[in-house]
Amino acid sequence: MFHTPWAGGTAYATAALPLADLIEANLDFGHLAALLAAPDVPAAVQDSTPYDGVRRIPPGHALILRAGAREIAGYEQVASLAVAAAPADPDRAVDAVRDALVEAVRARLSAPRHVPDIDPGPVPGMGPAERRAARGMPVPGIGADLSGGPASGTLALLAAGLPGRPGTLLGHGTGAGERLLAVTFNDLAVGGREAELERAGTLAANPRLHHVVVTGGEETLPYADLDGPLTDEPGPSLVTAARHRARLAAGSADHFTGYGARQVLDAHPARLADLLMDRKRRHLVRPVAALTKADGSVLVPARVYGAARRLARTPYRAGLDGLAERLMHRRFDDPGGAVGASLAALAWGGPGPAARWLTGEALAEVSVRLQSTAHRAGGGPGQRPGDYRARAALARHAADLRVLEQAAEIRSQRLHAPFLDNQVVRACRALPETLRVQPGARAAILRTVLKSSGVADLPPGWGTPTQATATAAARAGLRMAADPLVDLFDAPLLADAGLIEARVVRKALRAAAAGEPLPLDGLADLISLELWLRRLLSRRGTCWTGTPARARAVPSGIAPQRRAVSSGG
């Protein structure tokens, strides 16, 4: 939800761009700089949006309008920093997660089906379902992803096992009757997914599942297709929208996805500091042992324990001041492997992966935002560092999913992400930290959920992490699209805004395409923001019908505003 002062009152909407058009807002360059410099730090992004004067209602809060007055009030309980929560029983907590997930899936099955009533038009020799498929429109019914991780597979198996009619309507769609349409994406351009495909095929032997394998080639790699619609806000998923669209086009009109499961079930590394604050040191043994095994160094336990203890003893204000100083002096450590990433995450906040390519002016602006927020916050957010970082990561992921839904939208299709339902998020937050920090906790929890729901026969290797495939695809796509991406930053709008130097980014793109170990997610942030700016500034008119087209106030003001600041400094 977004809001802005207007006509002596408050205008609010579920999108920010219509409000920006309403007040003819310019771009908020401080917000864009914060998105690149510290996207996972709420103190940097605050409640701003890409549009100056349009504000975002923080997660877990509500906008209250009463007698012309505006108030933002929280409605979610937040764990206290000073008082440890009563230890929850692990079995009962997992049962609560199961109940919440089953209810979330059942609600979609029992709700009115999304069956478009517009026939795509006559095509000789084709029925309604075939005509819809030929035009890239989903078939009626409910489907789910069967690949991509244990979360999406869990939803598919739950939906197929619950009473009711989970799949396509009789006489339509795939000819599968009332079976659920299960989609597996097979990336032929990357490879290495044979084991996942085999597991998906084993699961699809369920008589209530109709399995469809979507093959993707070079045309579905990240960066292969940089054309797309204008989204409400920028997000890193803009560079992978075509890849997701190819998978979703094979799905049903109502399609389950496992987005959000990693953020609500997994333990953020900063939760190790929470365990130390609660004097639960012995529960650090297994996660630290897993990191030691991955790194192979006997020094890992001491390094991880020392970093967790420092975070547990570091006040919130000191943590933000330290981050502001790092940005000001351009101190960017390259985390190596799982251990490096975990050590970097053991802080109140860290620089974003794209921060190293920002100008000194942009980093200084974000540093000032952090320091001012830290001084206003006083004692801090009233949360333990691990819980605080986990909530911030979930909020950012949910915001990017919103961008993905708009960028990869398939006509007549609704995406469902039950793991982001309020009741599921609350149930997952009640899981004890001692459980969620253990290696493989997410797969173990979902396996228990399925077993208690009647699904016990899972293939060997089910729940194996699949992040390596996404990284390989990103690198392959960057290598193939190196020349168009370099051309994109020949005269970038980000440089006109004073956020980057074009030659620095072009050099980084060439180096990454050549195989140098640069943070690929940071380059994705830069590229997606540049794409979003170009789409925004190339449009005509406004979101409001019957109003005259604006004289492109945003494009005409982008370069002079930032250059004036730069020359004045």
### Query
For R271, are the conditions met, namely being basic (K, R), under 28 Å from S48 (Cα atoms) and surrounded by 21 or more Cβ atoms within 10 Å (Cβ to Cβ)?
yes
### Query
Where in the range 259-310 are the helices (runs of 4 or more DSSP H), entirely inside, with at least 2 residues that are closer than 21 Å to G350 by Cα and touching a Ser or Thr at 6+ places or on another chain (Cβ under 9 Å)?
271-277
## Note on the structure
The residue that is nearest to the chain's Cα centre (by Cα), considering only those in the range 477-500 that are in a loop (DSSP other than H, G, I, E, B) and more than 13 Å from V239 (Cβ to Cβ), is L499
### Query
Mind checking which pairs have a first residue in the range 11-28 that is under 18 Å from A399 (Cα atoms) and a second that is assigned to a loop (DSSP other than H, G, I, E, B) and modelled with pLDDT under 95, Cβ under 7 Å, 6 or more apart or different chains?
Y12/M1; T14/M1; L17/C543; P18/C543
### Message
Take the conditions in contact with an Asp or Glu (Cβ under 6 Å, 6 or more places away or on another chain) and either in a strand (DSSP E or B) or under 14 Å from T257 (Cα atoms) (or both) and apply them to L415. Does it pass?
### Response
yes
### Query
Pick from A474, A468, A456: which is part of a helix (DSSP H, G or I), out of contact with any Ser or Thr (no Cβ under 6 Å at 6 or more places or on another chain), modelled with pLDDT under 95 and closer than 18 Å to P150 by Cα?
A468
### Query
Can you pull out the residues in the range 446-488 that are surrounded by 16 or more Cβ atoms within 10 Å (Cβ to Cβ), over 21 Å from F185 (Cα atoms) and in contact with a Lys or Arg (Cβ under 8 Å, 6 or more places away or on another chain)?
T448, V449, S453, A482, V486
### Summary
Residue pairs within 8 Å by beta carbon, gap of at least six or interchain, first lying in the range 251-267 and within 17 Å of A104 (Cβ to Cβ) and of a type in the set (D, E, K, R), second at pLDDT 95 or above and part of a strand (DSSP E or B), listed first then second, are D254/H416
### Message
Which condition from (1) closer than 26 Å to A43 by Cβ; (2) buried (at least 17 other Cβ atoms within 10 Å of the Cβ); (3) hydrophobic (A, V, I, L, M, F, W, C) is the one that A246 breaks?
### Response
(1)
### strands (runs of 3 or more DSSP E) fully within the range 1-73 counting 2 or more residues that are among the acidic types (D, E), over 23 Å from L493 (Cβ atoms) and at pLDDT 95 or above
none
#### Entry: Given (1) surrounded by fewer than 21 Cβ atoms within 10 Å (Cβ to Cβ); (2) at pLDDT 95 or above; (3) of a type in the set (A, V, I, L, M), index of the condition V366 fails
(1)
### Message
Condition (residue is assigned to a helix (DSSP H, G or I), closer than 15 Å to V45 by Cβ, more than 22 Å from the chain's Cα centre (by Cα) and not polar (S, T, N, Q)) applied to the range 348-362: is it met by at least one residue?
### Response
yes
### Query
over 26 Å from I527 (Cα atoms), in contact (Cβ under 8 Å) with a residue 12 or more places away in the chain and outside any helix (DSSP H, G or I) - does that describe any residue in the range 311-323?
yes
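The values are calculated or read from the model by the stated rules, or taken from the named source; none is laboratory data. Being a predicted model, the structure only gives us computed values, none of them experimental. In this analysis, Cβ positions are derived from the backbone assuming ideal geometry, glycine residues included, and neighbour counts consider all displayed protein chains.
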